[in-house]
Amino acid sequence: MNNLSNNLSGLILLPRLRVQNANAISGPLSWGFPSSTAFTGFVHALERKLKQTGLLSDGFAGVGIICHQFEPQVSQPAGRRHKVFCLSRNPVGKDGGAPATIEEGRAHLEISLLIGVRDYFSDTEGQYLAEDLQNAAYGMRLAGGSPLYRPGKRYAASWHTVAGNVADDTATFRKLRRRLLPGFALVQRDDLLKAHLAEMRLAAPASTALDALLDLSRLNFDPVLTPASEAGKPDTVDWQIRKKPGWLVPLPIGYAGISDLYAPGQVANTRDASTPFRFVESLYSLGEWVSPHRIQCFEQLLWTQEADAENGIYRCHNRHAEFISQDSTESQTSTQEQNHG
């Protein structure tokens, strides 16, 4: 397994960004916290802006997403059990009638972003870069929302050097993750999705990945049979909530092409006439909210972008599951060696 720290010189922490009116509908099947693509796109836009000013050459290598607070802008109508989004009322049109309402889900966020940097900087230069990065972030959009300026040392960006060896980087991350508490980090758990799909196919061979995703995302009640204590009495059945291996959520991670890749300007009314165009649909995976104190290295946090134009796959990827699998394999190996010894 490649060690991501070999490609990094440092980490920039943007702590406790307050984002107002972020997009809460990031996919066709779910709503809630913005997708990882919103944050990788935000960091990519920052990278392009800093490269134009000459502050960066190699650029960034991923972003870690930690949520401290999430406030969906919803309300519950009187006499109803479900909640609805708080929508803005548009001005009256020229004809005096109300224009059509387009439903928009919004949420206020408090998040921390951990950005990996490939370019080499000294501690002093890295701190200057972190401050420039934060100033640029205040003037941009994040997941469709507006980052709000927050004065004070607690909200100031900071630079953390990556030494490239396990001992020093582990010590640095242990100090760094204290600033991420209390909060939860968003990681990818496609390993749990694959395992659950294989388990479902033992009973229902026609099960799909979408069936497995829905089964892991929803609240399931399972019957538990308790045999009667005395002969002649009926058995009792208790309905209990099925336990999950963690705080699992459906997660949009990118897009898959559903058309050919058209040349720039070939499709009318596109946003950018100088970039190739393709019609796409959303890709879903399984995500998990994990407390930062349960994460052992920063590589488990970082989300990176992947693009396979030939197959039409554009998605984000997180390596949290790979490190869990590696730790499990190493622990099993050490246990076997102790047993043989």
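The values are calculated or read from the model by the stated rules, or taken from the named source; none is laboratory data. Everything quoted here is computed from the prediction, not taken from an experiment. Neighbour counts run over all protein chains shown; Cβ positions are idealised from the backbone, glycine included.
Condition check ((1) in contact (Cβ under 8 Å) with a residue 24 or more places away in the chain; (2) surrounded by 16 or more Cβ atoms within 10 Å (Cβ to Cβ); (3) more than 20 Å from the chain's Cα centre (by Cα)) across all residues:
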position	(1), (2), (3)
Ala24	yes, yes, no
Leu50	yes, yes, yes
Asp58	yes, no, yes
Lys83	no, no, yes
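Which residue out of Ser30, Ser36 is crowded, with 21+ Cβ neighbours inside 10 Å, within 17 Å of the chain's Cα centre (by Cα) and under 21 Å from Val290 (Cα atoms)?
It is Ser36.
Residues to consider are Ala273, Ala212; find the one that is in contact with a helix residue (DSSP H, G or I) (Cβ under 9 Å, 6 or more places away or on another chain), surrounded by 10 or more Cβ atoms within 10 Å (Cβ to Cβ) and without any contact (Cβ under 8 Å) to a residue 24 or more places away in the chain. Before the answer, list the steps.
On the way: Ala273 fails: in contact with a helix residue (DSSP H, G or I) (Cβ under 9 Å, 6 or more places away or on another chain).
Sole residue among the options that is in contact with a helix residue (DSSP H, G or I) (Cβ under 9 Å, 6 or more places away or on another chain), surrounded by 10 or more Cβ atoms within 10 Å (Cβ to Cβ) and without any contact (Cβ under 8 Å) to a residue 24 or more places away in the chain: Ala212.
For Tyr128, indicate whether it is assigned to a loop (DSSP other than H, G, I, E, B) and aromatic (Phe, Trp, Tyr).
No; evaluated as a whole, the condition is false for this residue.
Output yes when any residue across the range 105-112 is of a type in the set (Asp, Glu) and touching a Lys or Arg at 6+ places or on another chain (Cβ under 7 Å), and no when none is.
So far as the range 105-112 goes, yes, one or more of its residues are of a type in the set (Asp, Glu) and touching a Lys or Arg at 6+ places or on another chain (Cβ under 7 Å).
How many residues, within the range 87-124, are assigned to a loop (DSSP other than H, G, I, E, B), over 25 Å from Asn318 (Cα atoms) and over 24 Å from the mean Cα position of the chain (by Cα)?
18
Assess whether Ala185 counts as being farther than 14 Å from Tyr284 by Cβ and in a helix (DSSP H, G or I). Spell out the reasoning first.
Details: farther than 14 Å from Tyr284 by Cβ: yes; in a helix (DSSP H, G or I): no.
Answer is no for this residue.
Restricting attention to the range 212-232, and to residues there that are outside any strand (DSSP E or B) and among the charged types (D, E, K, R), which single residue is modelled with the lowest pLDDT?
Among those that are outside any strand (DSSP E or B) and among the charged types (D, E, K, R), it is Glu230.
Just to be sure before I move on: is Ala136 touching a residue at least 12 places away in the same chain (Cβ under 8 Å), surrounded by fewer than 20 Cβ atoms within 10 Å (Cβ to Cβ) and of a type in the set (A, V, I, L, M, F, W, C) in the structure I sent?
Criteria met by Ala136.
If the requirement is being modelled with pLDDT of 90 or more, assigned to a loop (DSSP other than H, G, I, E, B) and not charged (D, E, K, R), which of these qualifies: Pro15, Pro34?
It is Pro34.
Among (1) part of a strand (DSSP E or B); (2) within 28 Å of Phe184 (Cβ to Cβ), where does Gln296 come up short?
Here Gln296 clears every test but (1).
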